[in-house]
Amino acid sequence: MPAKRFADWKYWHRPVPGFGDMNARILIVGLAPSAHGGNRTGRVFTGDPSGDFLFDAIYKAGLSNQPESISSDDGLTLKDLYVTAIVKCAPPDNKPERIEATRCSTAFMLNELRALKNVRVIVPLGAFALKWLEFSLKQLGIDTSNVEDFGHGKEYAAGPYRILTSYHVSPRNTNTGTLTERMFVGVLRRAKAVAAKAR
């Protein structure tokens, strides 16, 4: 159901694909589209507070041409970066069920990983994203035994990838100071440094 403040919008209401540079060396993996963000605009992390924080930080890390992502036709271009989510449709109460994550990881995440041939650094946002990223990597035959429990700023090797973990960019984390702009931009700059060294 559209929110009153977006009454004039025609909602996307379809699975929300990933977005960005198909030659990217860095991949950010989120949870799922929000009801009035990606579900409305058709672009992942676009049009909601999580996306406002995310794309501003991406710009400050030098990975985009502008600090805002408002709509799918706003001119935003990502540089050496691709952004996606484990679950492609907005889940009820923003709580994806296991069956959704399993189906989306199998149907979409695997294809994205296969298509993004240059990715060397993956930044999962939160424990859920890390868990299902591991699931997808295992389906590709990649050893994830080095990956331990989730924690912000941890770094793990998994096959050809380096995994750099971050707290999710949700208002619950950013409004409480659990995740600050400095912390997140730091993770992105580390991702750039690691990607630059990767072959």
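Simple point charges give the picture: +1 on the Cβ of Lys and Arg, -1 on the Cβ of Asp and Glu, and for the chain a dipole about the Cα centre of about 360 debye.
Neighbour counts of C-beta atoms inside 10 Å place 149, 143 in the sequence 149, 143, starting with the fewest.
Counting every other Cβ atom within 10 Å of each residue's Cβ, 114, 189 order from fewest to most as 114, 189.
Placing pseudo-labels 7 Å out from each Cα toward the beta carbon at residue 89 and residue 140 gives an inter-label distance of 2.5 nm.
In terms of its alpha-carbon gyration tensor, region 90-199 comes out oblate; a/c meets the 1.5 threshold, while b/c is at least as large as a/b. Each other residue within a Cβ distance under 14 Å of residue 185 adds +1 if Lys or Arg and -1 if Asp or Glu, for a net charge of +3. Rounded to the nearest 10 degrees, the inclination of helix 49-60 to the longest alpha-carbon principal axis of the chain is 50 degrees. When DSSP beta bridges are restricted to pairs lying wholly in the chain, around 35% turn out antiparallel.
Within the same chain, aspartates and glutamates fewer than 8 places from residue 60 are excluded, and of the rest, those with a Cα less than 20 Å from its Cα are 21, 48, 52, 68, 74, 80, 181.
Helical content of the chain, expressed as a calculated mean residue ellipticity at 222 nm, amounts to -9000 deg cm²/dmol (DSSP H runs of 4 or more residues, -39,500 (n - 2.57) each, divided by residue number, nearest 500). When every Cα-Cα distance of the chain is counted in 5 angstrom steps from zero, the calculated P(r) takes the values 1, 8, 17, 22, 22, 17, 9, 3, 1, 0 percent. Neighbours of residue 87, meaning other residues whose beta-carbon lies under 14 angstrom from its beta-carbon, give a summed charge of +2 when Lys and Arg score +1 and Asp and Glu score -1.
Computed from the coordinates by the stated procedures, all read-outs in this text should not be read as laboratory data. Note that the coordinates shown come from a computational prediction; the quantities given were computed from them, not determined experimentally. Positions of Cβ are generated from backbone atoms using ideal geometry, with glycine treated the same way; all protein chains shown enter the neighbour counts.
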